[in-house]
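Below is one structure, written out as structure tokens; the observations come after it.
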Amino acid sequence: MRLIVITSSERIEGESDKINALFEAGLEILHIRKPDFSKKEYVDLLDGINQKYHNRIKIHEFFELTENYNLLGVHLNARNPNYTGNKNVNISKSAHSIEELEAVVDYDYVFLSPIFDSISKKGYLSNFSDETLTTASLNGKINQKIIALGGINQQTLPKLKKYGFGGAAVLGCIWDKPHCEEHNPEKRFMKLQLTNCKEKTQINKGLAFQFITHRTEKYDYYQSAEMALLGGCKWIQLRMKNADIEEVRQVALRLKPLCKSHNAVFLLNDHVELCKEIEADGVHLGKTDMNPLDARQLLGNNVIIGSTCNTFEDIDNLKDRPIDYIGLGPFRFTDTKKGLSPVLGLEGYRQIVTQCIDNKIYTPIVAIGGITADDVIPILQTGIKGVAVSSAILQAENPVEATKRICLNGDLYEK
Ligand code: TZP
Ligand code: MG
């Protein structure tokens, strides 16, 4: 889900700096909503925000400012119900009932509120029951264009997932209690971003099983992924070590629709820019690849970012980074990867899972390296949330059957 921040209607001390810090932390869209501000006050606030972030800002007043500042767009409301400018800007509006969601085609997105009891407006209580939201979700009224608003924080954000909202807009949980010394919107946003990351991968629900492509004598990259998909794998990582980018692009462009037709997630190894260009579901980054913070900035909040770790120290170093999952390995020796780190084995995973819990690190971990179908249950029993597999599938006599066995063992563990 995308995360959108709405400013407080109050004046906040050092607000431009705090907004710059939010963008630096990877914020995709900021709504400036200041009903009591004059145009001059809007201008002053915009002038204090780094120009490179202006195209991520939407405004609720003084729509003509979109022209001078090259802003992302406007949010229509009762005070300003129309945009009459001639720029092709991003337009959103608010809705307070499911019936109002009928006309969403005319907008880039629509806020639906209050989903939960508001944090900033005391006494503004949730207007939607679980049943109403579930029905609206089933009949498609709640979809990727609908952004939940009202009472969203780290605790309530995960509850949104089952309804299929395209995102969440937050205000109170970022700006609440602005006068306390600890008021750090950036930190609050990063925590929310981490919660959002964990939701995206669905790793906490059942087996997370990622197939990693590898070229063998028998199969090319595309064929290898296709067999894993036919065996029921729902998560493909296109890893083409030493291939030039054009070659990766060509395979990726064919594989992306194939994954979609199997309802599977499609990740690229290494190539952040290509991930953005072809709109892959995510990217897996090694230690020498792009920093996850920069990748998050480039890709936005909806994209999955995974990172490789070999030790607890690696995981600890990433703890404030907006990553969705960690690939931790190697479980045992494998030829698939060159320059392998020391093997961890089950005991290594047990120790690292304990260290993570002791240090309150909850990023889901996927085991990798030489894993076979028989390893799945023992690995999951250590508290690891999933597995990434390559050679056990590609070296099998029947890769489709081998994939099915891994899925089956994951299912057995769930029961
Ligand atoms: N990183 C650590 S091991 C590995 C990667 C990419 C390869 C995993 O493949 P296999 O063949 O399942 O060991
Ligand atoms: Mg890499």
### Task
Note the full-extension length gain between Asp176 and Glu41 as 0.36 nm times their separation in residues minus their Cα-Cα distance, in nm to one decimal.
46.5 nm
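To the nearest 500 deg cm²/dmol, what mean residue ellipticity at 222 nm is calculated for the chain from DSSP H runs of n ≥ 4 alone, each contributing -39,500 (n - 2.57), summed and divided by the residues? Please list the in-between numbers first.
Numbers: 16 runs with 147 residues, N = 415.
Only helices count here, giving -10000 deg cm²/dmol.
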### Task
Starting from the amide H of Ala95, placed 1.01 Å from N in the peptide plane, find each other amide H under 5 Å away whose residue is 5 or more places distant or on another chain.
Phe111, Leu112, Ser113
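What does the charge count near Ile278 come to, summing +1 for each Lys or Arg and -1 for each Asp or Glu among other residues with Cβ under 15 Å from its Cβ? Provide the component values of the computation, followed by the final result.
Numbers: positive: Arg249, Arg254, Lys256, Lys260, Lys276; negative: Glu246, Glu247, Asp270, Glu273, Glu277, Glu279, Asp281.
So the environment of Ile278 carries a net charge of -2.
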### Task
Leaving ligands, DNA and RNA out of it, work out the accessible area of Phe116 with a 1.4 Å probe and give it in Å² to the nearest 10.
40 Å²
### Task
Could you do me a favour and compute the accessible area per residue for the chain, 1.4 Å probe, result in Å²?
47 Å²
### Task
In a Gaussian network model over the chain where Cα atoms closer than 10 Å are linked, find which of Pro399, Pro330, Pro342 has the largest mean-square fluctuation.
Pro342
### Query
According to a simple spin-label model (label point 7 Å from Cα along Cα-to-Cβ), what is the distance in nm between Glu247 and Glu347?
4.1 nm
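Would you work out the relative contact order for region 202-409, in percent, from Cα pairs under 8 angstrom that are 6 or more residues apart?
Details: 376 pairs, mean separation 45.1, N = 208.
Over region 202-409, the number comes to 22 percent.
If R₀ is 25 angstrom, what is the calculated FRET efficiency for the pair Arg79 and Lys122, using the beta carbon separation as r and rounding to 0.05?
Values: r = 22 Å, r/R0 = 0.89.
Once the sixth-power term is evaluated, E becomes 0.65.
Under a Cβ-Cβ cut-off of 13 Å, what is the net charge of the residues other than Ser307 that fall near it, where Lys and Arg count +1 and Asp and Glu count -1?
Numbers: positive: Lys287, Arg296, Lys319, Arg321; negative: Asp270, Asp289, Asp294, Asp314, Asp316, Asp320, Asp324.
So the surrounding residues net to -3.
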### Task
Of the listed pairs Lys338/Lys385; Lys52/Lys187; Lys187/Lys360; Lys191/Lys319; Lys40/Lys121, which have alpha-carbon separations greater than 19 Å here?
Lys338/Lys385; Lys52/Lys187; Lys40/Lys121
### Query
What order, most packed first, do the peptides 379-385, 44-50, 124-130 have when packing is the mean number of other Cβ atoms within 10 Å of each residue?
379-385, 44-50, 124-130
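At a 1.4 Å probe radius, which order do Lys122, Lys191 fall into by accessible area, largest first?
Working: Lys122 160, Lys191 110 Å².
Order by accessible area, largest first: Lys122, Lys191.
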### Task
Considering only protein heavy atoms, with the full assembly of protein chains and a 1.4 angstrom probe, order Tyr83, Tyr362 by accessible area, largest first.
Tyr362, Tyr83
### Message
Per q in 0.12 Å⁻¹, report the Debye log10 I(q)/I(0) for the chain, using one uniform scatterer on each alpha carbon and no solvent.
### Response
-1.01
### Query
Got the relative contact order for the chain handy, in percent, Cα pairs under 8 Å and 6 or more residues apart?
13 percent
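Estimate the FRET efficiency between Ser137 and Asn291 by the formula 1/(1 + (r/R0)^6), using the beta-carbon distance for r and 35 Å for R0, to the nearest 0.05.
On the way: r = 36 Å, r/R0 = 1.03.
In this case the efficiency is close to 0.45.
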### Task
Could you run the Debye sum over the Cα atoms of region 229-329, one equal point scatterer each and no solvent, and tell me log10 of I(q)/I(0) at q = 0.11, 0.19 Å⁻¹, two decimals?
-0.32, -0.92
### Message
With a 10 Å cut-off between alpha carbons and a GNM built on the chain, which of His214, His54, His179 moves the most?
### Response
His179
#### Entry: Nitroxide proxy distance, nm - points 7 Å out along Cα→Cβ at Glu397 and Glu13
7.4 nm
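Ranking request for peptides 141-149, 17-25: highest mean number of other beta-carbon atoms within 10 Å first, then the rest in descending order. Don't skip to the end; give the middle numbers.
Details: 141-149: 21.0, 17-25: 18.9.
By packing density, highest mean first, the sequence is 141-149, 17-25.
Rounded, prolate or oblate: which one fits region 2-199, using the alpha carbon gyration tensor with axes a ≥ b ≥ c (rounded when a/c is under 1.5, else prolate when a/b beats b/c, else oblate)?
Values: a/c = 1.72, a/b = 1.21, b/c = 1.42.
The shape class here is oblate.
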### Message
I want to verify a result. In a Gaussian network model of the chain, Cα cutoff 10 Å, which of these has the top mean-square fluctuation: Asn184, Asn77, Asn139?
### Response
Asn139
### Task
Excluding residues fewer than 8 places away in the same chain, name every one of the aspartates and glutamates whose C-alpha is closer than 20 Å to that of Lys177.
Glu10, Glu13, Glu15, Asp17, Asp36, Asp117, Glu186
### Separation in nanometres of the label points that stand 7 Å from Cα toward Cβ, at Lys319 and Ile377
3.4 nm
#### Entry: Relative contact order %, region 2-199, counting alpha carbon pairs below 8 Å whose residues are six or more apart
19 percent
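What trypsin sites (Lys or Arg not before Pro) in region 313-356 are in a loop by DSSP, with at most 16 other Cβ atoms within 10 Å of the Cβ? Write down the numbers at each step before the final one.
Details: sites: Lys319, Arg332, Lys337, Lys338, Arg350; in loops: Lys319, Arg332, Lys337, Lys338.
Taking region 313-356 and a limit of 16 other Cβ atoms within 10 Å, the loop trypsin sites (Lys or Arg not before Pro) found are Lys319, Arg332, Lys338.
First check a/c for region 202-409, with a ≥ b ≥ c the square roots of the eigenvalues of its C-alpha gyration tensor; if it is under 1.5, answer rounded, and if not, answer prolate when a/b is larger than b/c or oblate otherwise. Spell out each step's value before the answer.
On the way: a/c = 1.58, a/b = 1.12, b/c = 1.41.
The shape class here is oblate.
The values are calculated or read from the model by the stated rules, or taken from the named source; none is laboratory data. As the structure is a prediction and not an experimental result, all values here were calculated from the model. Heads up, the Cβs are rebuilt from the backbone with ideal geometry, glycines too, and the neighbour counts pull from every protein chain shown. The area values use the complete protein model at the heavy-atom level, side chains included, leaving out ligands, DNA and RNA. Shrake-Rupley method; radii C 1.70, N 1.55, O 1.52, S 1.80 Å.
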